[in-house]
1. Restricting to region 40-68, name every residue that is hydrophobic (A, V, I, L, M, F, W, C) and under 17 Å from Asp185 (Cβ atoms).
2. Would you point out which residue out of Ile113, Ile141, Ile169, Ile164 is β-branched (Val, Ile, Thr), modelled with pLDDT of 95 or more and under 19 Å from the mean Cα position of the chain (by Cα)?
3. Taking Lys70 as the residue in question, decide whether it is under 30 Å from Thr31 (Cβ atoms), without any contact (Cβ under 8 Å) to a residue 60 or more places away in the chain, in contact with a Phe, Trp or Tyr (Cβ under 6 Å, 6 or more places away or on another chain) and crowded, with 17+ Cβ neighbours inside 10 Å.
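The values are calculated or read from the model by the stated rules, or taken from the named source; none is laboratory data. Computed from a prediction, not measured in an experiment: that's the story for all the values here. Cβ placement follows ideal geometry from the backbone for every residue including glycine, while neighbour counts extend to all protein chains displayed.
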Amino acid sequence: MTTVGKVIASVFTLGALGGGGILVNKLLDDTDTIGARLTSEGFSISLNNSEWETVLGAHNGINNLEGTFKKDANTALKLDELQEKCKSALNSKKNNDVNYKKARQWCVKEQKISDSFEKINLRALDVTKNTDDTSGWQTNINKLKNDLKTAQKIKAEMNSTQNITLENIKAGCKAIIEIKTTASDFNDKFELAKEWCAVVMPREKVT
C-alpha cells in the first residue's frame, strides 16, 4: 500500500482529551472506505474536541431523523455516541450512500462547500461582477430556463424564465458555496453547487 493510501485509510477509535472524545487514526489495509473517500474528496476526518462540539451542536439542533444519526427526533446524542456512529460510518464501504452522506455532514471538520472543490477537480464560477466566467454562467442559465424547479432551488426569485438572470444565478451560487457542512440542507446544496456553481478544472497535460 502506498503512503497516501495508508494515511487516508483510517479506522477510528475513541480516546479522551480534556474531558471530550477524540478520534485516533489506526492504519487499515482496506482503502475502500467512506473515510478514505471523504479524505480524497477534500474533507477532513481528523477533528479536535472543539471541532467535534461544533458538529455535535449542529447535529442535535436538527429535529428530524433523516440525514442524522438520531434514533429519536427529540433526543440529542452525546459526544461519544456521535463518535461511535462516525466510527462505524467511516469504516463502511465507500459505496454505501446513506452512510456516506451522513458521514460527509457529521463526521468531518466543518467547512464551506467550496472548500472541497479543488480536491474533486472543480473550480467555483466567479460570483463577483467580473466577466471572466460569463460563458459558463450563460450555459447554466440556458439549461435552467428549461428547469424552473431547479432554478428556484438555487435562488427562490428565479421562478420564471425572465428571472433566471446572471445577477440572480450569481447571487444564488454565492450563498450556496458558502454553506457549511453542518447546515441542515448541506447535502442537497452540495449537489446543486457542483452542477450549477462550478466548472471542471482542466487536467494538466503530462509532458
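1. Val55, Ala58, Ile62, Leu65
2. Ile113
3. No; evaluated as a whole, the condition is false for this residue.
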